Amino acid sequence: MAIGRLGRGLVSPLLAVNFVVYLIILGLAGWSLDKYINGEQNHPHLGGNTSTSFLLMFALISGVIGVCSVMAGFMHLRAWRSDSLAAASSLAIISASVTALAIGLVCKEIILGGHRGKRLQTLEAFVIISLLSQLLYLGLLLGGVFRYYTNIFMK
């Protein structure tokens, strides 16, 4: 029983951190995409290159799916049952996958170079941070999945 409580105690602050990080990603990507659509690519805080539009779209998608993953995580934290664990972990896998795609576009953006504004660099950093924290959260959830099935088959 103490192992379950330890995992529950670690998931709670990590969900809060993920929620804040994904909200920041949504804010930065939304602002940047608005400026980019308005044709203000030369804005001092935006800049960018040919991969910027794709990065902004995937960062927005990643942010939305990440917030949904956090909400499912909060529901699992409240219920703490096997069915809510399955829903939370499947959504966390999808969120980590889409965030990994956004990481690929961040790498392409950095490789292409050019002028990248401060907000775009901040968005890139937060996408990287979100993948790391999402993978940590996913590891905690999958540890719970394996622990659950190990307990079932060992009885």
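Residue order by solvent-accessible surface for VAL17, VAL98 is VAL17, VAL98, largest first, with ligands and nucleic acids left out and a 1.4 Å probe.
Using 0.36 nm per residue, how much length does the chain from ARG81 to ARG8 gain when fully extended, once their Cα-Cα distance is taken away? Please report the intermediate quantities before stating the final value.
Working: separation 73, 0.36 × 73 = 26.28 nm, distance 1.16 nm.
25.1 nm is the gain from fully extending ARG81 to ARG8.
Placing a label point 7 Å from the Cα of PHE74 along the Cα-to-Cβ direction, the residues of the range 11-39 with a backbone N closer than 12 Å are 15-20, 23. For ARG116, the residues whose amide H sits under 5 Å from its own are GLY48, ignoring neighbours fewer than 5 places away on the same chain, with H placed 1.01 Å from N. A DSSP coil position with no more than 11 other Cβ atoms inside 10 Å describes the following trypsin sites (Lys or Arg not before Pro) in the range 30-100: ARG81. Placing a label point 7 Å from the Cα of THR50 along the Cα-to-Cβ direction, the residues of the range 79-117 with a backbone N closer than 18 Å are 104-116. The residues neighbouring THR52, those whose beta-carbon lies less than 15 Å from its own, together hold a net charge of +1 under the Lys/Arg +1, Asp/Glu -1 convention.
Can you tally the net charge around GLU124? Count Lys and Arg as +1, Asp and Glu as -1, for every other residue whose Cβ sits under 14 Å from the Cβ of GLU124. Result for the neighbourhood of GLU124: +3. Along the range 55-63 the Karplus relation, 6.51 cos²θ - 1.76 cosθ + 1.60 evaluated at θ = phi - 60°, assigns HN-Hα couplings of 4, 5, 5, 5, 5, 5, 4, 4, x Hz to successive residues, with x for each Gly and Pro.
Working with all protein chains in place, sort LYS118, LYS108 by solvent-accessible area computed with a 1.4 Å probe, largest first. Don't jump to the answer; show the numbers that get you there.
Numbers: LYS118 140, LYS108 100 Å².
Highest to lowest solvent-accessible surface, that is LYS118, LYS108.
Mean separation of Cα pairs under 8 Å and 6 or more residues apart, divided by the residue count, gives the chain a relative contact order of 35 percent.
The values are calculated or read from the model by the stated rules, or taken from the named source; none is laboratory data. Just so you know, these numbers come straight off a predicted model, no measurement behind them. Every residue, glycine among them, receives a Cβ derived from its backbone with ideal geometry; neighbour counts consider all protein chains shown. Just so you know, the surface numbers come from the protein's heavy atoms only, side chains and all, with ligands and any DNA or RNA stripped out. Shrake-Rupley method; radii C 1.70, N 1.55, O 1.52, S 1.80 Å.
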